[in-house]
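Here is the structure we will look at.
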Amino acid sequence: MKQRAQRKLQMLESSVQLLGQRATRARQQLQQTRAQYATLTTKQDYLHFFIQTGTYLTGLQKELAQQNPAQMLALYLHYVQQWGDAHRYYDAFDGKDYYLNSSYLTMDGKNGTLYGAGALLREMVQQHTSDALQHIQDTYFLHSMLEANVEDMTPFNRPHAVDSRLLSYFKLEKEHVLVLSLTEQAVRIYRHGALERSFLVTTGRHHRPTPPGLFRLGQHQKNIVLHSYDAPSSPDYYSPTTVQHAIQFWENGYLLHSSPWRQDYGPFTQFPHRDSGGNPEGNNGSHGCINVPPATLAQLEPSLTEQTRLLIF
């Protein structure tokens, strides 16, 4: 952890140096970070250091890119790719390495479509979307919190240090929020900043990752039939399947839905594995949707309204 903390400090130092005379506030943050670094002893100290440094680095992105969306996107893509290359998950099931942060990269969906935040942000920049800069900065922040949370060994069903920072950054302290950790494959539900309950999920497979971001839950549907976008010859094809509960959280068919074909949920179930239920459909992650145990979603569904926010990091 000491080496990782040192690298984060060096990143902040080089960023401040690049800003030059524009770095008045950043220099103060750098001084605070150096002082904090000198006192690090416990795992909790390191965790808070990663959270704070990540927050400072997020705040510098627009200035580093000189308010240029294309330049800011390039900085973002370089950084998340670099982190992803250094933090791969080795899957003993198939002997392959997978990115832990594929949701933040640009992934080939093997169907003519690119997935992941990298692809979405590039499209926004190319289309000159007015809030592209803010979206890139927000996604950089979410990735910074993912990095910090990887260091946190707190059980998934207890509050995590990054959760309060996430709620604060997006001004959600007084809201009803589902905080979904992509690395933990877990959801923690907060109401007015207090943890209400938690449960394990399974999100998008490596090349069809679930998008990070802040969403508002939409239409509730019951007993709907899901149809595959892939041809029957594709390894990603699945037979038409009925699910009892489904709630849309983003366009293009992204749903929070029950998954009766799946027995196992939680860490690394988004990668190839052997589901203990015996159904081959459960041996990999979803196609981007959030799979929830049927009994859990049936119980939760009435309390999830259009005012409920879903924060995925």
Original post:
What about residue 66, is it open to solvent by 10 Å² or more (accessible area, probe 1.4 Å) and either part of a helix (DSSP H, G or I) or within 25 Å of residue 115 (Cβ to Cβ) (or both)?
Top reply: no
Original post:
Can you find a residue in segment 221-230 that is of a type in the set (A, V, I, L, M), in contact with a strand residue (DSSP E or B) (Cβ under 7 Å, 6 or more places away or on another chain) and not in a strand (DSSP E or B)?
Top reply: no
Original post:
Which residues, taken from segment 72-120, are open to solvent by 40 Å² or more (accessible area, probe 1.4 Å) and of a type in the set (S, T, N, Q)?
Top reply: 81, 82, 106, 111, 113
Original post:
Which residue pairs have Cβ atoms under 6 Å apart, sit 6 or more places apart or on different chains, and have a first residue in segment 161-183 that is over 12 Å from residue 145 (Cα atoms) and open to solvent by less than 40 Å² (accessible area, probe 1.4 Å) and a second that is polar (S, T, N, Q) and in a loop (DSSP other than H, G, I, E, B)?
Top reply: 176/308
**OP:** Go over the candidates 54, 20 one by one and state the one that is out of contact with any Leu (no Cβ under 8 Å at 6 or more places or on another chain), open to solvent by 10 Å² or more (accessible area, probe 1.4 Å) and either in a helix (DSSP H, G or I) or at pLDDT below 95 (or both).
**Re:** 20
Original post:
Which residues, counting only those in segment 184-218, are surrounded by fewer than 18 Cβ atoms within 10 Å (Cβ to Cβ), touching a residue at least 24 places away in the same chain (Cβ under 8 Å) and on the phi > 0 side of the Ramachandran plot?
Top reply: 193
**OP:** Give segment 101-147 a look and list any residue that's in contact with a Ser or Thr (Cβ under 9 Å, 6 or more places away or on another chain) and part of a strand (DSSP E or B), or say none.
**Re:** 114, 115
**OP:** Please state which of the following conditions residue 98 fails to meet, knowing it meets all the rest: (1) out of contact with any helix residue (DSSP H, G or I) (no Cβ under 9 Å at 6 or more places or on another chain); (2) in a helix (DSSP H, G or I).
**Re:** (2)
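Out of 291, 252, I need the residue that is closer than 26 Å to residue 139 by Cα, part of a loop (DSSP other than H, G, I, E, B) and among the polar types (S, T, N, Q). Which one?
It is 252.
The values are calculated or read from the model by the stated rules, or taken from the named source; none is laboratory data. No experiment lies behind these values; they were computed from the predicted model shown. Virtual Cβ from ideal backbone geometry, glycine too; neighbours counted across all protein chains shown. Ligands, DNA and RNA are excluded from the accessible area calculation, which covers all protein heavy atoms including side chains. Shrake-Rupley method; radii C 1.70, N 1.55, O 1.52, S 1.80 Å.
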